[in-house]
1. So B:ASP77 passes all but one of these: (1) surrounded by 15 or more Cβ atoms within 10 Å (Cβ to Cβ); (2) more than 10 Å from chain A (Cβ to nearest Cβ); (3) not in a strand (DSSP E or B). Which condition number does it fail?
2. Check A:CYS175, A:CYS198 and return the single one that is surrounded by 14 or more Cβ atoms within 10 Å (Cβ to Cβ), under 24 Å from A:VAL82 (Cα atoms) and not aliphatic (A, V, I, L, M).
3. Does the range A:25-45 contain at least one residue that is surrounded by fewer than 19 Cβ atoms within 10 Å (Cβ to Cβ), more than 14 Å from chain B (Cβ to nearest Cβ) and of a type in the set (Ser, Thr, Tyr)?
4. From the set of residues in the range B:24-37 that are modelled with pLDDT under 95 and within 9 Å of chain A (Cβ to nearest Cβ), which is nearest to B:LEU99 (Cα to Cα)?
5. Looking at the range A:115-124, which of its residues are surrounded by fewer than 24 Cβ atoms within 10 Å (Cβ to Cβ) and either within 24 Å of A:LYS179 (Cα to Cα) or not β-branched (Val, Ile, Thr) (or both)?
6. I need a count of the residues in the range A:1-39 that are aliphatic (A, V, I, L, M), part of a loop (DSSP other than H, G, I, E, B) and touching a Leu at 6+ places or on another chain (Cβ under 9 Å).
7. Of everything in the range B:81-95 that's touching a strand residue (DSSP E or B) at 6+ places or on another chain (Cβ under 6 Å) and of a type outside the set (Ser, Thr, Tyr), which residue is nearest to the other protein chains (Cβ to nearest Cβ)?
8. Please note which helices (runs of 4 or more DSSP H) are completely contained in the range A:40-114 and include at least 3 residues that are farther than 20 Å from A:LEU139 by Cα and in contact (Cβ under 8 Å) with a residue 60 or more places away in the chain.
Amino acid sequence: MAVKVPVVRNILEANEQLAQENSRLFRQAGLFVVNLMSGPGAGKTSLLEHTIETLKDEIRIGVVEGDIQSSYDAERISQRGVQVVQLNTGGACHLDSSMIKSALNALQLAELDLLVIENVGNLVCPAEFKVGEDVKVMLLSVPEGDDKPLKYPLMFQEASVLLINKIDLLPYVDCDVSKIRQRALQLNSSLEILEISCRTGEGLSGWYNWLRSQVSNRKTDATGAEI
Amino acid sequence: MHEMAIAQNLLDIVIQEGSAHGVSRVLSLSLKVGELSTVVPESLIFCFELLSKGTLAEGARLDIEKVPTICRCRECDHEFSVTDLLFSCPKCGSGKVELQSGRELTLESFEGE
């Protein structure tokens with residue numbers, strides 16, 4: 001005889017529980033954690049290279065590189081002299097919290113102030129999976145077009161900061177930055193938006209200052225918590 | 001194609017709950033999927049079929065209920081359904097809104113024998 005069993009369970013609960021565990025470890029270590037998301041080629045790795053170059057003397061930075069294949073990005077980052085772990089998802093389109101947990105064994109968390117998790121280049125799937133981060137930062141480059149908030153709304157809703165990259169290309173592409181702003185804010189009114197160019201350096205100081213203040217707030221929190 | 005990962009999580013829960021309730025074969029699953037979640041029902045069904053082969057959930061039917069996107073305004077308390085991805089209050093215009101539903105991804109119940 002058939003029986004009906006009521007369950008009511010979040011299908012992603014296993015991922016979310018593990019994300020909370022990761023988050024606890026990060027907080028214990030006084031670490032601020034960014035989940036960096038974008039489509040392929042928006043400039044995540046370039047942004048990271050510039051960020052490390054500028055901040056490495058004042059902030060101890062670690063990086064988790066997520067890619068479907070290859071260790072190309074990790075090699076680029078390791079040349080900058082920071083802790084880096086490459087995660088190959090072997091086909092999966094996003095990082096999840098168990099992958100991050102496995103990467104943590106290879107990192108000295110106590111020796112870091114900031115961990116940047118560079119997610120797999122994809123505007124859809126990474127937005128569904130928490131990994132234990134403090135914030136999601138989204139990068140969108142102007143050649144991708146100003147219609148992206150309309151097409152990939154979840155990513156814009158989940159992000160706390162939107163970096164609009166490659167603004168040096170605006171004279172050459174059909175992209176209206178004010179439309180990106182208006183459409184993104186319509187989805188997420190508290191979204192912080194910065195326009196940047198990793199190529200010319202324009203706008204990057206705003207990003208560095210934002211990171212500085214987040215890392216410093218986390219350190220203050222951690223000190224407060226210890227007392 | 002994150003539906004594969006979601007289907008695997010779903011199957012893990014079904015096997016765990018099915019065994020706990022002495023069910024040897026799962027006939028159907030009742031799911032709620034929010035409009036805002038990026039899950040494609042057809043893909044989820046396809047992935048679940050593949051993964052559940054040889055388990056107690058092999059051949060189980062997935063009944064997927066889509067949940068509409070509803071927000072509540074933090075300023076004036078007005079509750080409204082979101083159309084055209086406009087996440088601001090139609091009554092007072094505030095962008096300070098709280099999502100009430102639309103992000104669900106839950107297994108509500110299952111039938112088995």
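1. In the conditions (1) surrounded by 15 or more Cβ atoms within 10 Å (Cβ to Cβ); (2) more than 10 Å from chain A (Cβ to nearest Cβ); (3) not in a strand (DSSP E or B), B:ASP77 misses (1) alone.
2. Exactly one of A:CYS175, A:CYS198 is surrounded by 14 or more Cβ atoms within 10 Å (Cβ to Cβ), under 24 Å from A:VAL82 (Cα atoms) and not aliphatic (A, V, I, L, M), namely A:CYS198.
3. The answer is no; no qualifying residue exists.
4. B:LEU36
5. A:GLY121, A:ASN122, A:LEU123, A:VAL124
6. 5
7. Here the answer is B:PHE87.
8. Filter on the range A:40-114 gives A:97-104.
The values are calculated or read from the model by the stated rules, or taken from the named source; none is laboratory data. Since we're looking at a predicted model, the values are computed, not measured. Using ideal geometry, Cβ is built from the backbone for each residue, glycine included, and neighbour counts are taken over all protein chains shown. Protein only, heavy atoms only, side chains kept; ligands, DNA and RNA dropped before computing areas. Shrake-Rupley method; radii C 1.70, N 1.55, O 1.52, S 1.80 Å.
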